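Down below is the structure, laid out as structure tokens.
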Amino acid sequence: MPAIYLTAAILFEIIGTIALKHSALTGSVWYGVLTGLSYTVAFILLWASLRTIPLGVAYATWSGVGIALTAIAGIILFKERIDIVGLAGIAFIVVGIVLLNVVSSMNNG
């Protein structure tokens, strides 16, 4: 269940960040409201996941996966461009998260 909470927290954080970009582009108050609600739900779910997932693992996973998926969302939704160095950076983040989770699970269980 904690992994589900963490996954949902990541998704709500991404939704909030996408809504924040829409709010900045359009000036819409509703996107601002969606941003606030999404971030609130994301933090509640992150809090729930922290009951059993170690802080370093949960936060690194939440922020790293959020960064990678938000960058991909920016490319798809907002036609943002990213060069090969940026893609490599995202790949390193993902590899780091995988390593952190594998090593953590080996040491904790």
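The numbers here are math on the coordinates, done by the rules we state, and not lab data. This is a predicted model, so every value here is computed, not measured. Positions of Cβ are backbone-derived with ideal geometry, glycine not excepted, and every protein chain shown enters the neighbour counts.
A few notes on this one:
- For the range 1-41 and the range 59-98, distance of Cα centres in Å: 17
- Kyte-Doolittle at least 1.6, axis length at least 15 Å by Cα - qualifying DSSP helices, the chain: 55-78, 84-108
- Other-chain or far-sequence residues with amide H under 5 Å of residue 80's (modelled H): 75
- Of the residues 80, 13, the one with the fewest other Cβ atoms within 10 Å heads the list, and the complete ranking is 80, 13.
- If you run the Gaussian network model on the chain, springs between alpha carbon atoms under 10 Å, then out of 15, 76, 93 the most flexible one is 76.
- Fully extended contour minus Cα-Cα distance, from residue 87 to residue 72, at 0.36 nm per residue: 4.4 nm
- Simple label model, 7 Å out from Cα along Cβ direction - residue 51 to residue 99, nm: 3.3
- Relative contact order (%) - the chain, alpha-carbon pairs under 8 angstrom, separation at least six: 29
- Computed across the chain, the Kirkwood hydrodynamic radius from all distinct Cα-Cα pairs reaches 14.8 Å.
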